[in-house]
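Just below is one structure, and these are the notes that go with it.
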Amino acid sequence: MAYQRKKTRRISVGNVLVGGDAPVTVQTMTKTDTRDTGATISQIKELEAVGCEIIRVAVPDEQAARSLKTIKKEISIPLVADIHFDYRLALTALQSGVDGLRINPGNIGGPRGVHELVTAAAELSVPIRIGVNMGSLDQEIEKRYGRTAQGLVESALVHVALLERENYDNIVISVKATSVPVTIEAYRMLSAKVDYPLHLGVTEAGGAWRGTIKSAIGIGCLLAEGIGDTIRVSLSEHPHEEIRAGCQILKSLGLRSGGIDLISCPTCGRCRIDLFGILNEVEKELPLTDESLKVAVMGCAVNGPGEAKDADIGIAGGKGCGILFKQGKLAGKVPEGKLQETLISEIKQMLEERKQAR
């Protein structure tokens, strides 16, 4: 199924296109101290390897702003500086070579600060994301509209107007709440009012389990309606979990292809192997690839080649052993202790054969 995306303006965040007909991108934020350039660079490279396309870092002070120059030189994906309250930090970030800024123009330093910042960003063709969260609504806006979706949208539009008065329109907008219904309502309202690209997310969503569910519903619902150009899954977890969740949301909607799609059964009383343990280990060992490959880990012969007939390769459990199947056909029996090892080996061989065939 193809979703009809709303046509938004297309902008460039470094070498990555956002909006227009560009693919929906996945981004996250580092959880290191930006001043610790070694740790920050290491984490960014790890995130690049699992599919992160844009990375954002917190810039709380001048030292962090200056550190961006070193970080930028060592990474391959666009770097966005997240700045509050002090436009001078944003100016230093621009001088350090960042590819984007995330700010709230209303709290960055008054009209003079906005003017200086926008002038510098325009000269360097650096986009600005206006990020409005429910927890940081302007007091007057909150007094008038309450903590509502309309309040989020009106706050965002006030910030947009500050930049538009400077004839600046290289803008991305986000309006996030911790409430999934409020988030969805806010983005629907905003999408109807502007054609700027939108960055989707449910803020402060929670830990890996609860936060992934909330994010998948909120982000997924909007993407299915054609709203959204870039996404971040916000979890109280290592950021590579945010990237994995974000990529999976896009794949589940058919908005991204390639890579390994791992499917598994929920198990029942027929299962005679440690399916959960095997699945977790297989998931850890799956090779990174752009090749589209469907892999199945199933609990028994009933849910083996039958239920997973469209899988390229898979395993199914038995009593003390299991079977390996390819394209729905039996490829051999395997002792239970070697199921995981055999599957990973066969996956790598299949990927190599496809590579050689091209």
### Message
Can you pull out every residue in the range 268-300 that is open to solvent by 70 Å² or more (accessible area, probe 1.4 Å) and either more than 22 Å from Gly258 (Cα to Cα) or touching an Asp or Glu at 6+ places or on another chain (Cβ under 7 Å) (or both)?
### Response
Arg270, Arg272, Asp274, Phe276
### Task
Considering only residues that are part of a helix (DSSP H, G or I) and more than 17 Å from Asn133 (Cα to Cα), look in the range 160-192 and name the one that is least open to solvent (accessible area, probe 1.4 Å).
Leu163
### Task
Examine the range 193-200 for a residue that is open to solvent by 20 Å² or more (accessible area, probe 1.4 Å), over 23 Å from Gly100 (Cβ atoms) and in contact (Cβ under 8 Å) with a residue 12 or more places away in the chain, and state whether such a residue exists.
no
### Query
Quick one: which of Gly269, Gly254, Gly258, Gly228 is under 17 Å from the mean Cα position of the chain (by Cα), at pLDDT below 85 and not in a helix (DSSP H, G or I)?
Gly258
### Query
Just for the range 33-73: of the residues that are out of contact with any strand residue (DSSP E or B) (no Cβ under 8 Å at 6 or more places or on another chain) and assigned to a loop (DSSP other than H, G, I, E, B), which one is nearest to Arg102 (Cα to Cα)?
Pro60
### Task
Test Glu352 against the stated conditions and say whether it is open to solvent by 30 Å² or more (accessible area, probe 1.4 Å), part of a helix (DSSP H, G or I) and touching a Leu at 6+ places or on another chain (Cβ under 7 Å).
no
### Task
Would you tally the residues in the range 75-127 being out of contact with any Gly (no Cβ under 7 Å at 6 or more places or on another chain) and in a loop (DSSP other than H, G, I, E, B)?
13
### Message
Looking only at residues that are open to solvent by less than 10 Å² (accessible area, probe 1.4 Å) and in contact with a Leu (Cβ under 8 Å, 6 or more places away or on another chain) in the range 201-216, which one is nearest to Val13 (Cα to Cα)?
### Response
Ser215
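The values are calculated or read from the model by the stated rules, or taken from the named source; none is laboratory data. Keep in mind it's a predicted model, so treat the numbers as computed, not measured. FYI the Cβ positions are ideal-geometry reconstructions off the backbone, even for glycines, and counts take in every protein chain you see. Note: areas computed on protein heavy atoms with side chains; ligands, DNA, RNA excluded. Shrake-Rupley method; radii C 1.70, N 1.55, O 1.52, S 1.80 Å.
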